[in-house]
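Supplied in structure tokens, the structure appears directly below.
The values are calculated or read from the model by the stated rules, or taken from the named source; none is laboratory data. Everything numeric here is computed off the predicted structure, so don't read it as measured data. Counting neighbours? That spans all protein chains shown, and the Cβs are built from the backbone with ideal geometry, glycine included.
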Amino acid sequence: MACLIVDPKQLTWKFPEASTALPCRVRLVVQVVNYVDEKEYIQVCPIPGIGNNRNNNEAFSIDVHNVLGQLKPESVYGGAIIGIGAFWDGIELNVFECQPINGQGLDASLLTSMSELEPI
């Protein structure tokens, strides 16, 4: 089962044992800052008000070349809320899914609680 991450900067300290031999499956729920088409990556940041990242608006770049064929236009515009399924190998994310999420349906307290659960 994937572990929910609401702040991509948590990956390194939440999964210190991750490696290419033993990657961790994660689900990120983040906000798009920018999409750079020519370099095939999305810059994302935590959704304001979710988790313990109220002052963290620093962008995190995610390579999406593996899912370019599946990307929907509503997944790449600035301000969009997206869900990203990926494997974290301790260095980078290997993205296998990127889907838009309806922000009106998000329960901030539930997402915060779920993101604080420890992986089994």
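Could you list, in sequence order, the residues of the range 26-40 that are surrounded by fewer than 16 Cβ atoms within 10 Å (Cβ to Cβ) and either over 18 Å from Pro73 (Cα atoms) or in contact with a Ser or Thr (Cβ under 6 Å, 6 or more places away or on another chain) (or both)?
Those that are surrounded by fewer than 16 Cβ atoms within 10 Å (Cβ to Cβ) and either over 18 Å from Pro73 (Cα atoms) or in contact with a Ser or Thr (Cβ under 6 Å, 6 or more places away or on another chain) (or both): none in the range 26-40.
Answer yes if at least one residue in the range 52-70 is touching a Pro at 6+ places or on another chain (Cβ under 6 Å), surrounded by fewer than 17 Cβ atoms within 10 Å (Cβ to Cβ) and either touching a residue at least 60 places away in the same chain (Cβ under 8 Å) or not hydrophobic (A, V, I, L, M, F, W, C) (or both), and no otherwise.
yes
As an exercise: evaluate Thr12 against (1) loosely packed, with under 15 Cβ neighbours inside 10 Å; (2) more than 26 Å from Ser109 (Cα to Cα); (3) modelled with pLDDT of 90 or more and give the number of the one condition it does not meet.
(2)
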